[in-house]
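Step one of this worksheet: look at the structure below.
The values are calculated or read from the model by the stated rules, or taken from the named source; none is laboratory data. None of the values given here were measured: they were computed from a predicted structure. Here the Cβ is made from the backbone with ideal geometry for all residues, glycine too, and neighbour counts use every protein chain on show.
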Amino acid sequence: MRPPPLPGLVRRHRLASVAAAALVAVALAVPLTSERSGAAIDTCRAPTGAERLNATLPHVAQRIAAGEPVTIVALGSSSTEGHGASRPENSYPSRLAEELRSRYPGTEVRVLNKGVGGDTAEKMAARIEGDALAESPDLVIWQVGTNDTMHDVDPATDAAIIRDGVARMKAAGIDVILMDMQYAPGVTSHPVYRDMLHAISAAGYAQGAPVFHRFQIMQAWDETQVLPQSLALSEDRLHMNDRSYACLARLLADGIVAASR
């Protein structure tokens, strides 16, 4: 005997569950780029366009135009250092170096990983002299805000620290990009995260430094199921993983190229 037909609501729920499972399987299987009708499609891209930088990178542009080496310092905490990646080569700074070398095949590109797990904005600012200025980089990507949010640091305090740090680097002739927090339960469980996002953006705007909106990108990935949190985060549900670090590097490279023309 056949079972009675499912009520419409239950049937729809089961269909939705099957569809969600299919999306997860597809996301795991699809490479970072795919080919459709002969055109490459970047499957990392966030539909919000949040990867676009809202300011230029004149020093990087000058070096690239002259065919001179480009040095980038990735200043940050554990998600710069590479926590959650299966190996150091899969951290975002390592993947970014690969992305930029592929875009500028005639240019020597170095990306120095200066991530220290657990660092707050104050601790990173204290490392600017030794980890950034001492390397004479053309660009510093300052990933900041996550640990401060998780320790409920006053965003106004961080904004002042970030403004001062950016000003010091720009005074030394260095381009600066700020990168905000990752979209993860360990971050969003602290209500201060909203004010921290605004504080980072405001600090960047005040100093003319573009902000790479990682939080907004990852939130869009999750909400559109392009790369849901179940696939974008490592087992600790806080740090990114190989796939999301690769996508992060892809989009950041896109932003750097566009801002260096």
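Within the range 154-194, can you find the residues that are outside any helix (DSSP H, G or I), in contact (Cβ under 8 Å) with a residue 40 or more places away in the chain and not small (Gly, Ala, Ser)? So that I can check it myself, show each step before the final result.
The first filter runs over the range 154-194 and keeps only residues outside any helix (DSSP H, G or I), leaving 154, 172-184, 189-192.
In the following step, the residues that additionally are in contact (Cβ under 8 Å) with a residue 40 or more places away in the chain were identified as 173-175, 177, 179, 182-184, 190, 192.
Listed by number, the residues that qualify are 174, 175, 177, 179, 182, 183, 190, 192.
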Members of the range 44-66 that are over 18 Å from the mean Cα position of the chain (by Cα), of a type in the set (A, V, I, L, M, F, W, C) and buried (at least 21 other Cβ atoms within 10 Å of the Cβ) = 60, 64
key: Odd one out for residue 199 among (1) in contact (Cβ under 8 Å) with a residue 40 or more places away in the chain; (2) loosely packed, with under 15 Cβ neighbours inside 10 Å   = (2)
query = Which ones in the range 167-196 are over 18 Å from the mean Cα position of the chain (by Cα) and either closer than 25 Å to residue 129 by Cα or crowded, with 24+ Cβ neighbours inside 10 Å (or both)?
reply = 167, 168, 169, 170, 171, 172, 173, 174
request  = Within the range 116-132, identify whether any single residue is among the aliphatic types (A, V, I, L, M) and either modelled with pLDDT under 95 or within 18 Å of residue 249 (Cα to Cα) (or both), and answer yes or no.
outcome  = no
